[in-house]
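Worksheet: the structure to be examined is printed underneath.
The values are calculated or read from the model by the stated rules, or taken from the named source; none is laboratory data. All of these numbers come straight from a predicted model, not from anything done at the bench. Ideal geometry is used to build each Cβ from the backbone, glycine not excepted, and the neighbour counts take in all protein chains shown.
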Amino acid sequence: MKTYNRLRARLRAFVRAYVETGVGAKSLRAIGFTGTRPDVAASKLLAKPKIREAIAEYEAYAVGESKARIFATVLGLEQTANLDPRRLLDSDGLYLPLDKLPDDICAAIQGIDVEELYEGRGSERKAIGVVKKYKFAPRNEARKLLLQYKGMLADVHKHQQLDANGNPITPGPTFVIAREEAKQIAEDLDTKV
């Protein structure tokens, strides 16, 4: 983003707003323009080659960032779908402390219930242990979302959409997979861990 980074801060803000809105006057107002003709001022800015080049650079950057976020989300779904709870244990069969758990396991944890156990009463009361219960994100839901994302599963509970005249809108092609094929996909996902 060579050209974009060379612009003054206010022009960079205009470029960001323009990439977001696609409307020059609206972009100028978003960055605090107080003149009477934002449409004319925006046209003058958009006529400059450096501004057009900066917009192209920032659009490419935004698309790349969006793809990275989508990739991270899909990766998180795959990690949740393929979660192996045995990885919560160390080599001695004891549960690892939370700070020692792998990142993908931590990402799949929805909640932790901690209960401290005590023995005795009053001044003789002593802590004897801690019970930790991990709650994980639902694996089947993650698998379903992955299959839908990859276009391999139709949402059978989807409501029929109607056009302006009340006629059903015919959806594009969908893929419905057989139970055995779904079972095979689930097994393949399990073996990816």
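Restricting attention to segment 101-139, the residues that are under 32 Å from the mean Cα position of the chain (by Cα) and surrounded by 10 or more Cβ atoms within 10 Å (Cβ to Cβ) add up to 17. Residues in segment 21-74 that are of a type in the set (A, V, I, L, M), assigned to a helix (DSSP H, G or I) and more than 30 Å from residue 146 (Cβ to Cβ): 25, 28, 30, 40, 41, 42, 45, 46, 51, 54, 55, 56.
Hey, can you tell me all the residues within segment 155-186 that are surrounded by 10 or more Cβ atoms within 10 Å (Cβ to Cβ), modelled with pLDDT of 60 or more and either in a helix (DSSP H, G or I) or under 25 Å from the mean Cα position of the chain (by Cα) (or both)? Of everything in segment 155-186, those that are surrounded by 10 or more Cβ atoms within 10 Å (Cβ to Cβ), modelled with pLDDT of 60 or more and either in a helix (DSSP H, G or I) or under 25 Å from the mean Cα position of the chain (by Cα) (or both) turn out to be 181, 182, 183, 184, 185, 186. Out of 143, 87, 121, one residue alone is in contact (Cβ under 8 Å) with a residue 40 or more places away in the chain and basic (Lys, Arg). It is 143.
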